[in-house]
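Have a look at the structure below before the remarks.
All of the numbers you see were taken from the coordinates with simple rules; none came from a lab. What you see is a predicted model, and the numbers here were worked out from it, not measured in a lab. When we count neighbours, we look across all protein chains shown, and the Cβ atoms used for this are built from the backbone with ideal geometry, even at glycine.
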């Protein structure tokens, strides 16, 4: 598979203002991965420039990453009035409706606990012991 570039081939906006970026791997043989950036970051700097996309794609996975409202491709979205639950509902919708197969979510610390309580068993963490090369 060739190097994955930003912006993704498939990009769309969710009801709460998340911008979803999908790098779909045709005939993926492993579950897709949902990547959520951390505080004061975005897809480009948290996942693309750090080199996470290519190793995941090389493992046979499609990659779905989101820019939260007020960040990256969602910088034009005012997050005022949005609740964590609004964002979690959109993330859950993306992970269950937009991507076939069971996702592996990597939620940030601020969303991990509510995600786990809201949809137990809907995701599994994906961790690496070192930075991608």
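Using a simple spin-label model with points 7 Å from Cα along the Cα→Cβ vector, what separation in nm is obtained for residue 80 and residue 24?
The two pseudo-label positions are separated by 3.8 nm.
With N set to the number of residues, divide the alpha-carbon radius of gyration of region 1-60 by 2.2 N^0.38 Å and report two decimals.
1.13
Using alpha carbons only, how many angstrom separate the centre of region 43-87 from the centre of region 1-21?
Rounded to whole Å, the Cα centres lie 8 Å apart.
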